[in-house]
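Rule-based calculations on the coordinates, nothing more; no lab input. The structure presented is a predicted model; accordingly, all values stated were derived computationally and were not measured. In this analysis, Cβ positions are derived from the backbone assuming ideal geometry, glycine residues included, and neighbour counts consider all displayed protein chains.
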Amino acid sequence: MGSSESLEAWLSRLIAVPPERIELGLARVEAVYQRLGNVRPAPIVLTVAGTNGKGSTVAFLVAMLRAAGYRVGSYTSPHLFRFNERIVIDGVEASDSEIIDAFRAIDSARGDIALTFFEFATLAAIRLFAAAALDVAVFEVGLGGRLDAVNLLAADAAIVTTIDLDHQQYLGDTRDAIAVEKAGIFRAGCPAVIAETDPPATLLAEVERIGAHPLRLGFEYRIDIDESGWHWIGFGTNLRLPHPGLRAPVQHYNAAAAIAALMSLRDRLHVPFRAIRTGLTEASVRGRLEVISGVVETVIDVGHNPQAATVLADWLRRNPRRTRAVFSALADKDITGIIEPLLPRVTHWHLAGLDGVTPRGLDAAGLRERIGGLIDDDSCTLHADPSAALAAAQALASPGERVLAFGSFFLVAALGPALNQFAAPAN
């Protein structure tokens, strides 16, 4: 591309390359990585995989490490409003010009090797981190683990958060099959943090086969939660901690996994108790049970699979209020599995079309058809797009009621302008 091309132009070109036309595997992206100099992004690299909780776990790691005085880079996906959100260097998003320079270098190095959008983005993050004199780089795996571009990097410690059914067309139709893919981020002789109390047997088998050192919730470390706080127990330590700043009880498990990873590297990283406490309360992630206060409370959540919906339903149960839901979903998602946990918690459904936002999105009529008899016609209203659905829900909600918008990253991103990108969050 020309030297004057904008970041938007670069992204449009990269998105136009259909991933399914490119052969799966790491060989292509690894070849380009070698041509770029095989640079390590930081002296210490942490990776996080899992069906849900990856972004929150990355946020806890980054907040704790920065509170300890370390210079940290984080790579996450997808973004909500700007591509730059994916690549953050010591708390600051990479600039358009920095990303464009990285893309140009990658484009020059790749020659005739085809790369996906995500592979371009991952190589850009690695290159920018390597130039930033970081102490630690934290990478969120995009999809699966074994064949994900992030797996170019040998992590000093790796975390698998949760394993549930999502992206089955790529990862397999069972938790056992998906676990094998996610375990691919573990490395021989390195800590392998497992944040589930009942992980698939195949995950543990892969840890043993690889020769990683397992750190299992409920075994090598554990947590005890009470009303006023919680304990993290492991490595001969018992930490009394405040509840995480991120909402939902599941965040204790994500935070606990982050602490386990940091403790496993305590001979190389000094993260004192005060930094853990500070990071625990200050970590933030956009669109994860994000509450906007007002006469009508608005809750924004990107949850888009049954496991995430169950967590959301549990939070609604613990925080009862009449709730109208603005819901959208992509065509390849388990829509009934997402809807079912929320049925007892939602009084009316505002179904929003996503077909005008992404080719993968359903229109409102298609979404209604997929839901079928789970919701009767009197309990739902169809809308052309997320903004129309949100406006209707907020107009019809009475003071003291709640509007919940959830089901897709695309939904939450589309609502950003209407909500002034989630202004005035509740404490």
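Ordering Ala275, Ser97, Ala183 by Cα displacement along the dipole of the range 7-282 toward the positive end leaves Ala275 in first place; charges were set at the Cβ atoms of Lys, Arg (+1) and Asp, Glu (-1). Using Cβ point charges alone (K and R +1, D and E -1), the dipole size of the range 290-415 about the Cα centre works out to roughly 340 debye. Taking every DSSP helix (H) stretch of at least 4 residues in the chain, weighting each as -39,500 (n - 2.57) and dividing the sum by the residue count yields a mean residue ellipticity at 222 nm of -10500 deg cm²/dmol.
Each Lys and Arg contributes +1 and each Asp and Glu -1, all at the Cβ; summed about the Cα centre of the range 105-239, the dipole is approximately 440 debye.
Specify whether the C-alpha gyration tensor of the chain places it in the rounded, prolate or oblate class, a ≥ b ≥ c being the square roots of the eigenvalues: rounded for a/c under 1.5, otherwise prolate if a/b is larger than b/c and oblate if not. Can you show the working numbers first?
Numbers: a/c = 1.58, a/b = 1.20, b/c = 1.32.
Here the chain falls in the oblate category.
Between Asp90 and Val72, Gly73, Ser74, the built amide H atoms are under 5 Å apart, and every one of these is 5 or more places off in sequence or on another chain. Label sites at Ala205 and Glu93, each approximated as a point 7 angstrom past Cα along Cα to Cβ, lie 4.4 nm apart. Listed values for the range 117-129 are Karplus-derived 3J(HN,Hα) couplings in whole Hz (6.51 cos²θ - 1.76 cosθ + 1.60, θ = phi - 60°), namely 3, 5, 5, 4, 5, 5, 4, 5, 4, 4, 5, 5, 5, and x replaces Gly and Pro.
Taking other residues whose beta carbon is less than 14 angstrom from the beta carbon of Leu65, and scoring Lys, Arg as +1 and Asp, Glu as -1, yields +2.
For the range 323-383 and the range 65-111, what is the separation of their Cα centres, given in Å? Centre-to-centre (Cα) distance: 34 Å. With the charge dipole of the chain set up from +1 on Lys and Arg Cβ and -1 on Asp and Glu Cβ about the Cα centre, the Cα lying farthest toward the positive end among the listed residues Leu80, Leu65, Thr381 is that of Leu65. Considering only the other residues whose Cβ falls under 13 Å of the Cβ of Asp101, what net charge follows from Lys and Arg at +1 and Asp and Glu at -1? So the surrounding residues net to -2. Each of Asp224, Asp101 was scored by other Cβ atoms within 10 Å of its Cβ. Listed from fewest to most, they are Asp224, Asp101. Within the chain, DSSP assigns beta bridges of which about 35% are antiparallel (rounded to the nearest 5). In a simple Cβ point-charge model (Lys, Arg +1; Asp, Glu -1; nothing else charged), the chain has a dipole of about 980 debye relative to its Cα centre. A simple count of charges around Ile194, restricted to other residues whose Cβ falls under 11 Å of its Cβ and scoring Lys, Arg +1 and Asp, Glu -1, yields -2. Taking Thr298, Thr323, Thr347 as the candidate residues, the one with maximal mean-square fluctuation in a Gaussian network model of the chain, Cα springs under 10 Å, is Thr347.
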